[in-house]
Amino acid sequence: MSISAPSAVRTVANVIAGEERGAVGGDTFEKRSPATGEVISSVARSDRRDVDLAVSAAREVQWEWARTTVAERGALLRRVTQTLESEQEAVAEVVAAETGKAPKEALGETGAAIEMGYFVAGEGRRFYGRTTTSAVQNRQAMTVRQPIGVAGLITAANTPIANVAWKVFPALLCGNGAVLKASEDTPETALVFARLAADAGLPPGVLNVVQGLGEEAGQPLVEHPDVDVVSFTGSTAVGRMIARTAGERLAKVCLELGGKNPFMVCDDADLAAAASAAALSAYSNAGQRCAAGSRIIVFESVYEDFVRRLLERTRAQQVGPGDEHDFGPVINERQLQQMLAAVERAREAGASVLAGGERLSGPEHAGGYYVAPTLVEDAGLDSEISCAELFGPIATLHRVRSFDEAVAAANATPYGLTAAVWTASVHRAQEFVARIVSGVASVNGPTYGSEPHMPFGGERASGTGWREAGTEALDVYSDIKTVYVNHDPGRT
Ligand code: NAD
């Protein structure tokens, strides 16, 4: 396959049973470059009819796919990964064009998708169940993993190729057919992934891609009676709707949702290193990380010193779409407007905006969706801006007097995804790990940065307890079957 460089307006289709096709209804929508605001693609605007076709296509081949050995599926997914690797630069170009992020960052993210592919492919040679003892003579007891059926995969746009890889690789390894509802903000990334998978030999129908908007194409996928497991990455608000809808028909649902992740700085922290990690946690990828550190909690005795350092770093951030920049635009105009409105409401409620709080509109930002790195002080711990996920380069600062107060402040949001503590004390670090309500805890590091072999997911409003990545991802996409083999039934 050749992936041509992003140029004029491109057509982005669905992939159903190995065929690229427009939406049944013939409708399309425009996808704009976050870096310039220009239309870069015309995308199939699918609805229930397209979802029906995609689910049927997946259903038709799923059994045959599931009958291959897991090792065979792993080997094929390794070839898919190798193909992705050989096209890494071209894929990264598509990611950069659709997200506005710097080419170097897009390349790194594509590398993360490749690492996930290799990790999951290797699971094809493990895929462990349990063997154990039985209380009955001549009986063996064990568990094996079973495919679930058709997986409906719905993704967000923030790290699009990695988001696709995190779901598609484990779903397919486990022997499911898949229908991927790509994010409407990064449709071509999903299309390119499906093309590469087909080039590597993935049979038609095993992975189908439906483009379109959430309510029109995502919702019918969640409602579809033939979709056995729904795996969703996106906002908590949409996750709630999905849980309700899937709950009606008792479909298995994995939800990877938002976060308002605390970054705690104790009085014994290395303040220079902490300020650097805080800036990365808050601003990198334009703050569009579920694991962004957007609630910065600092001991009073080091507050002024830490804030001075962080402000310096905040003011030094270079914003733009190039490799020389620290971060790029946010994904679309709507999200940009929501972020700025939240900062404005905080200002009206008495918070101080120490830096940023506005759209960047210099000549190099013309037409794009650039938000200045924003630091907000004196917003109450329970205020909207301190508790709601904004998914932009915006963080709030909070003073605390003690470790206990800091932990309480860190836990006082509806979320529980990731958290970081900065301290030189092993005891404080261990206390933090024990008491913080989060799926991921980081000591003397940023709030983000997951590895493919380690589970990732959240508690409370950040998820439903499932984990993506790691071997734990296999639990999402497989059912456990308990098997008893009586090997001499006449003689018990
Ligand atoms: P979003 O919830 O608006 O959209 C996510 C996906 O859901 C898109 O593909 C969208 O089309 C689809 N969708 C929207 N409405 C739907 C509906 N009614 N039924 C079915 N599908 C629907 O989120 P977003 O703004 O694109 O992404 C940002 C969010 O994703 C943030 O909250 C972020 O924290 C979260 N996120 C979480 C993780 C994680 O692993 N926990 C990772 C990345 C992003």
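Within region 251-279, being closer than 29 Å to Gly322 by Cα and out of contact with any Lys or Arg (no Cβ under 9 Å at 6 or more places or on another chain) holds for Gly258, Ala273, Ala277. Among the residues here, Val307 does not qualify as open to solvent by less than 20 Å² (accessible area, probe 1.4 Å) and within 20 Å of Lys101 (Cα to Cα).
Restricting attention to region 134-152, the residues being within 16 Å of the ligand (Cβ to nearest atom) and farther than 21 Å from Asp185 by Cα number 2. Within region 43-56, the set of residues being open to solvent by 10 Å² or more (accessible area, probe 1.4 Å) and part of a helix (DSSP H, G or I) comprises Arg48, Arg49, Asp52, Leu53, Ser56.
Ala275 meets the stated requirement of being under 19 Å from Asp378 (Cα atoms), in a helix (DSSP H, G or I) and away from the ligand (no atom under 11 Å from the Cβ). Is it true that some residue in region 456-475 is in contact with a Gly (Cβ under 6 Å, 6 or more places away or on another chain), assigned to a strand (DSSP E or B) and more than 16 Å from the ligand (Cβ to nearest atom)? Checked against the condition, which is being in contact with a Gly (Cβ under 6 Å, 6 or more places away or on another chain), assigned to a strand (DSSP E or B) and more than 16 Å from the ligand (Cβ to nearest atom), region 456-475 yields no hits at all.
Output the strands (runs of 3 or more DSSP E) that fall wholly within region 123-193 and possess 3 or more residues being at pLDDT 95 or above and open to solvent by 20 Å² or more (accessible area, probe 1.4 Å), or say none.
139-147
Selection of region 402-449 for residues being in contact (Cβ under 8 Å) with a residue 24 or more places away in the chain, part of a helix (DSSP H, G or I) and either within 16 Å of the ligand (Cβ to nearest atom) or within 18 Å of Asp382 (Cα to Cα) (or both) yields Ala406, Val407, Ala409, Ala410, Asn411.
Of the residues making up region 368-385, those that are touching a residue at least 60 places away in the same chain (Cβ under 8 Å) and within 16 Å of the ligand (Cβ to nearest atom) are Tyr369, Val371. Modelled with pLDDT of 95 or more, out of contact with any helix residue (DSSP H, G or I) (no Cβ under 9 Å at 6 or more places or on another chain) and of a type outside the set (S, T, N, Q): does that describe Glu324? Spelling it out, Glu324 is indeed modelled with pLDDT of 95 or more, out of contact with any helix residue (DSSP H, G or I) (no Cβ under 9 Å at 6 or more places or on another chain) and of a type outside the set (S, T, N, Q). In region 380-407, the qualifying residues are those that are among the small types (Gly, Ala, Ser) and more than 27 Å from the chain's Cα centre (by Cα), and the one that is farthest from Gly328 (Cα to Cα) is Ser402. If you go through region 191-218 and keep only what is touching a residue at least 24 places away in the same chain (Cβ under 8 Å), within 21 Å of Asp27 (Cα to Cα) and within 16 Å of the ligand (Cβ to nearest atom), you end up with Leu191, Asn208, Val209, Val210, Gln211, Gly212, Leu213, Gly214, Glu216, Ala217, Gly218.
Open to solvent by less than 10 Å² (accessible area, probe 1.4 Å), more than 14 Å from the ligand (Cβ to nearest atom) and out of contact with any helix residue (DSSP H, G or I) (no Cβ under 6 Å at 6 or more places or on another chain): which single residue out of Val229, Val265 fits that description?
Val229
Among residues of region 278-291 being open to solvent by less than 10 Å² (accessible area, probe 1.4 Å) and hydrophobic (A, V, I, L, M, F, W, C), the one that is nearest to the ligand (Cβ to nearest atom) is Ala291.
Of the candidates Thr186, Thr155, Thr159, Thr131, the single residue that is farther than 21 Å from Asn14 by Cβ and within 10 Å of the ligand (Cβ to nearest atom) is Thr159.
The values are calculated or read from the model by the stated rules, or taken from the named source; none is laboratory data. Bear in mind the structure is a predicted one, so any value in this text is a computation, not a measurement. A quick note on method: Cβ atoms are made from the backbone with ideal geometry, for glycine too, and the neighbour counts reach across all protein chains shown. Accessible surface areas use protein heavy atoms only, side chains included; no ligands, DNA or RNA. Shrake-Rupley method; radii C 1.70, N 1.55, O 1.52, S 1.80 Å.
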